[in-house]
Amino acid sequence: MIDKSEWVWMPHAGHFICGHLCRFKLNTRVGRWIVSTVGEYDPGKAVRKITGQAGFSEIGCGRLYETMVFPASKSDNPCCPWTIESGVNIDFAGYNDPGLAYEGHLAMCDKWCRIDELPKKEEEHDLP
């Protein structure tokens, strides 16, 4: 288990191609993993005018916030000493409330700081 004092908090979105347009960003390295939560996606006035949407846009189907977990890799960037190793997430949760997104981020950090290896997938069975 990785002690909370060893968690590394980074000041940017860890995932989502438009993460820089999100107002809510939590990005934490816990052991071998990066836990990234983004939300409050604001694509700007021009997009809102075209779509007629007020407020924040969904970050995914039916959600305004999401948390994803990825394997971590060491980075040479002093601001962000850890980066996502691959774009394939290994855990996920979605939310529609900022408080739940924050709590969900912490819960995911707690969960993954205890896991040292990727969970094994069930064997795939050949279909007849």
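The values are calculated or read from the model by the stated rules, or taken from the named source; none is laboratory data. Note that the structure is a prediction, hence the values are computed from the model and not measured. All Cβ positions, glycine included, derive from the backbone under ideal geometry; neighbour counts span all protein chains shown.
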- For T37, the lone unmet condition from (1) surrounded by fewer than 17 Cβ atoms within 10 Å (Cβ to Cβ); (2) of a type in the set (V, I, T); (3) at pLDDT 95 or above is (1)
- Could you list all residues from the range 83-95 that are at pLDDT below 95 and in contact with a Gly (Cβ under 9 Å, 6 or more places away or on another chain)? T83, I84
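Listed here are the residues, each with its yes/no results for (1) at positive phi; (2) touching a residue at least 24 places away in the same chain (Cβ under 8 Å); (3) among the acidic types (D, E); (4) in contact with a Ser or Thr (Cβ under 9 Å, 6 or more places away or on another chain).
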{"residue": "T28", "(1), (2), (3), (4)": "no, yes, no, yes"}
{"residue": "I34", "(1), (2), (3), (4)": "no, yes, no, yes"}
{"residue": "E58", "(1), (2), (3), (4)": "no, no, yes, no"}
{"residue": "P98", "(1), (2), (3), (4)": "no, yes, no, no"}
{"residue": "Y102", "(1), (2), (3), (4)": "no, yes, no, yes"}
- Item | Candidates L64, L106, L100 - the one that is among the aliphatic types (A, V, I, L, M) and within 16 Å of V30 (Cβ to Cβ) | L106
- Note on the structure: Reported set for the range 89-120 where residues are part of a strand (DSSP E or B) and closer than 22 Å to E6 by Cα is D91
- Query: If we scan the range 62-73, do we find a residue that is touching a Cys at 6+ places or on another chain (Cβ under 7 Å), of a type in the set (V, I, T) and closer than 19 Å to I2 by Cα?
  - Reply: no
- Could you tell me which of the residues G31, G44 is surrounded by fewer than 20 Cβ atoms within 10 Å (Cβ to Cβ), within 14 Å of V69 (Cβ to Cβ) and touching a helix residue (DSSP H, G or I) at 6+ places or on another chain (Cβ under 8 Å)? G31
- Task: Look through G62, G19, G44, G55 and report the one residue that is among the small types (G, A, S) and under 12 Å from the mean Cα position of the chain (by Cα).
- Result: G19
